[in-house]
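Engineer: Have a look at this one.
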Amino acid sequence: MDQRMIAGHAPTAPAARMDNHGPSIARVALRSGQDLFARAGSMIGYEGFIQYEANSSGLGRAAAGRISGENVPLMRCHGDGRLYLADYGAHVVCLELAEDNLSVNAANVLAFDAHLQWGVQRVKGVAKFAGQGLFNLGISGTGWVAVTSRGMPVVVDCAQAGETFVDPDALVAWSTGLRVEGKRSFKASSLIGRGSGEAFQLAFSGHGFVVVQPSEDSTDRLTQPQQQ
């Protein structure tokens, strides 16, 4: 085979525990004793010796997820090798936590280190806005997390940008140390006709980051089959 045919596509060694191979694939360096939780069905390939099993230890949290609507079907991955994960061509963002706390929309969770603390948590101080419930998946500690985005995401450093406003339906994840408030921006006149369609936002401020995707599809719309 002419090696030029695979130039730019051949796998390479991960630069970190978790990084990207192209915009839509997470590449994970697995080692014995460094297990990973990944979304069930997200494995697209691996090198070496890697095994998978259902996350039986998360059954209690899965039950809480069914109540809140933030259930994440997970599998536990362990072994030695390189693991490749993807979610229907969505963009992937790999985040390294250093004693951080992250709140993630369950529909956008791809993978995270098994030693991290995690569970369904209530989003405090925020009413139920369009497409965004009162619950998210909370992940905390030191380790790696991979989240997905429907299109190329923007990651905003709120410490640099100041107060940041986000459409709840486009929100992927945020540092839980940020202050979060709801904002209602429509006027009475916008109730006549279509209006702006942007009546509610979430305002973030403080030290931390927000991940936003270029899509306002809710979880329900993402998981429903498309009509032809």
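Engineer: Determine, yes or no, whether Gly48 is closer than 29 Å to Ser103 by Cβ and either open to solvent by 30 Å² or more (accessible area, probe 1.4 Å) or at pLDDT below 90 (or both).
Structural biologist: no
Engineer: Which of the residues spanning region 84-133 are modelled with pLDDT of 95 or more and part of a helix (DSSP H, G or I)?
Structural biologist: Those that are modelled with pLDDT of 95 or more and part of a helix (DSSP H, G or I): none in region 84-133.
Yes/no matrix, rows are residues, columns are (1) at pLDDT 90 or above; (2) of a type outside the set (Val, Ile, Thr); (3) touching a helix residue (DSSP H, G or I) at 6+ places or on another chain (Cβ under 9 Å); (4) open to solvent by less than 30 Å² (accessible area, probe 1.4 Å):
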position: Val172; (1), (2), (3), (4): yes, no, yes, yes
position: Leu191; (1), (2), (3), (4): no, yes, no, no
position: Arg194; (1), (2), (3), (4): no, yes, no, no
position: Ala203; (1), (2), (3), (4): no, yes, no, yes
position: Gly206; (1), (2), (3), (4): yes, yes, yes, yes
position: Phe209; (1), (2), (3), (4): yes, yes, yes, no
position: Val212; (1), (2), (3), (4): yes, no, yes, yes
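Engineer: Using the structure shown, decide if Glu181 is among the charged types (D, E, K, R), modelled with pLDDT of 80 or more and open to solvent by 70 Å² or more (accessible area, probe 1.4 Å).
Structural biologist: In short, yes.
The values are calculated or read from the model by the stated rules, or taken from the named source; none is laboratory data. Since we're looking at a predicted model, the values are computed, not measured. Neighbour counts run over all protein chains shown; Cβ positions are idealised from the backbone, glycine included. In case anyone asks, the SASA skips ligands and DNA or RNA and just uses the protein heavy atoms, side chains included. Shrake-Rupley method; radii C 1.70, N 1.55, O 1.52, S 1.80 Å.
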